[in-house]
Amino acid sequence: MIKDGEFGAIIQRDKQTYAVAPHTPCGVVTPEILRKLADAAEKYQAAALKITSAQRIALVGLKENDVENVWADLGMDKGAATGLCVRSIKACPGTAFCKRGIKDSLGMGMQLDKLYHGMEMPGKMKMGVSGCANQCAETCIKDIGLVGFSKGWKLLVGGNGGALPRLSTELASELDDNQALEMIARLVAFYKTKAKPHQRMGLLIEKLGGIEEFKKAFAEFRP
């Protein structure tokens, strides 16, 4: 039997079938990708096609013997849907499409995806980029989040969902694109250095004594 997460396959509730969710950076797909997904779903009799919270499209209810063939037909990146790593970066349409967008969240999200998606971490890490204060990318519950304002990006840290949900906290504001990317790079390095296994960013903040102590430690940190 395929182990959970092996070959990009996730065991389902029935303990017999699997789901696969190809990596679709920031949820952007093409007609060609949609056709591939639809063709594979029909060919291998998937129970459902499900849009996930990570902006992927999952083929659900696949037989174990079909998993490798599905990936071969799709020819797509398996991505990192599970494990202790940076998961898919979530981004709203931003100034590329949305009338309310203030910053190019989609462009920034794509950059972050190229830099960090799948990178091994001490714990699970989720990132999000929202083009305005409406936070459609749910940046308030991401380990690292950017929110666009007229004066620049606001950088948020320490959010998560789960059994013990935690809202993120502002770390910096009025950042231009380069400043935001540089600060996130330092933040990722800081987390990789300081966090214990399976410790999310929010818990690291609490273990360091709260956000003010976290800010002091981060300011003193040299990668």
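The values are calculated or read from the model by the stated rules, or taken from the named source; none is laboratory data. Bear in mind the structure is a predicted one, so any value in this text is a computation, not a measurement. Reconstructed Cβ throughout: ideal geometry from the backbone, glycine too, with neighbour counts over all protein chains shown. Side chains are part of the model used for accessible areas, which takes the heavy atoms of the whole protein and leaves out ligands, DNA and RNA. Shrake-Rupley method; radii C 1.70, N 1.55, O 1.52, S 1.80 Å.
The relative contact order of segment 146-223, computed from alpha carbon pairs under 8 Å that lie at least 6 residues apart in sequence, is 26 percent. For the chain, relative contact order (Cα pairs under 8 Å, six or more residues apart, normalised by length) works out to 13 percent.
Return the whole-Å distance between the Cα centroid of segment 1-50 and the Cα centroid of segment 110-156. One Cα centre to the other: 25 Å.
Taking 0.36 nm per residue of separation and subtracting the Cα-Cα distance, full extension of the segment from VAL29 to ALA96 would add 22.6 nm. Taking a straight line from the alpha carbon of LYS99, these lysines sit under 30 Å away, with near neighbours fewer than eight places off in the same chain left out: LYS50, LYS90, LYS114, LYS126, LYS142, LYS151, LYS154.
Take the Cα pairs of segment 130-223, get the Kirkwood Rh, then feed it into Stokes-Einstein at 20 °C and 1.002 mPa s and tell me D in µm²/s. D, rounded to a whole number, is 160 µm²/s.
Computed on the Cα atoms alone, the convex hull of the chain gives a volume of 125 cubic angstrom per residue.
Expressed as a whole percent, the accessible area of segment 57-143 that falls on carbon and sulfur atoms is 50 (1.4 Å probe). Do any trypsin sites (Lys or Arg not before Pro) in segment 125-192 lie in a loop, going by DSSP, with at most 15 other beta-carbon atoms within 10 Å of their beta carbon, and if so which? Those satisfying the criteria are LYS151. The simple Förster model, with R0 at 35 Å and r as the Cβ-Cβ distance, assigns GLU68 and HIS198 a FRET efficiency of 0.75.
Using the average count of surrounding beta-carbon atoms within 10 Å as a protection proxy, the listed peptides 105-111, 74-80 rank, highest first, as 105-111, 74-80. Note on the chain: helix-only mean residue ellipticity at 222 nm, from DSSP H runs of 4+ residues weighted -39500 (n - 2.57) and normalised by residue number, equals -9500 deg cm²/dmol.
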